[in-house]
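First up is the structure itself, then whatever we jot down about it.
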Amino acid sequence: MAKTRKSIPQKTKSLLQQEINSQCPICDDQNVDHFEIHHIDENPENNSPDNLLMLCPICHSKVTKGDISEEEVKQIKNYLMIKAKGKSSAKSSNTINIKGNVANSTVANSISAQTIVYKSRSKPKMEFADGAIGKKAELKNYVKHLIDRYNEYKEGDVGKSKMNYAAIWGIIKKEFKASAYQVPETQFESLCLFLQKRIDNTKQGRINRGKGYKNYSEFDDIYG
């Protein structure tokens, strides 16, 4: 029997937003107006705050598809709860065990005061391949700039209620046979041109071009 999704009280939503300090705990996006709430145990009837995590739409989509593991989501939630309650409320210690490469772990990027025990078993799913765009911060950040601008303009075309912020990531993967940050560095220029063209073809993009306004920063303007 299918489970019925229950409405989440506004008070709970406010607590969840406060828990993440109004930014996605995975990618640090601060566009909180569009954030979604993930049920960690995949049970839409379980609206206990301990089972809920507020995420940006893109990261929520990655969690749903399994690109970000359930274990990692639980680690993030556990850390946020410990941080909110204070170290004294932790049941045993402030140690968080992380599988994979701790240097690239989402949890590791979020934790500064916690003690981390690293258990090496396998490479994390989010590790970037050698030669991938994600390996170089300036390339990765510029691609993110273009994706964010595309989503901003596309939202103006379709409206907030119909906007799918994760769609562009799927389009990139279909076109380049890899997720955006896993695209080879040799295809960086092609990916940028692909995204710039899509931005320019939005309604706002066409308006801006007609007025002689830039739709996005050029890579050399930022990193040149």
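The values are calculated or read from the model by the stated rules, or taken from the named source; none is laboratory data. In this text the structure is predicted, and so the values were computed from the model without any measurement. Backbone-built Cβ (ideal geometry, glycine too); neighbour counts: all protein chains shown. Heavy atoms of the whole protein, side chains included, go into the accessibility calculation; ligands, DNA and RNA do not. Shrake-Rupley method; radii C 1.70, N 1.55, O 1.52, S 1.80 Å.
Annotations for the structure displayed:
- Considering the stretch 11-34, the residues that are in contact (Cβ under 8 Å) with a residue 24 or more places away in the chain, within 21 Å of ASN164 (Cα to Cα) and in a loop (DSSP other than H, G, I, E, B) include one that is least open to solvent (accessible area, probe 1.4 Å), namely CYS24.
- Subset of the stretch 151-182 [among the hydroxyl-bearing types (Ser, Thr, Tyr) and over 21 Å from THR64 (Cβ atoms)]: TYR153
- Being closer than 30 Å to TYR216 by Cβ, at pLDDT 50 or above, charged (D, E, K, R) and open to solvent by 40 Å² or more (accessible area, probe 1.4 Å) is a condition met by at least one residue of the stretch 118-133.
- Top-ranked residue in the stretch 157-188 [being assigned to a helix (DSSP H, G or I) and basic (Lys, Arg); ranked as surrounded by the most Cβ atoms within 10 Å (Cβ to Cβ)]: LYS173
- The number of residues in the stretch 159-208 being touching a helix residue (DSSP H, G or I) at 6+ places or on another chain (Cβ under 9 Å), farther than 30 Å from GLY131 by Cα and among the hydroxyl-bearing types (Ser, Thr, Tyr) comes to 1.
- Criterion applied to ILE37, ILE8 was being β-branched (Val, Ile, Thr) and part of a loop (DSSP other than H, G, I, E, B), and the one residue passing it is ILE8.
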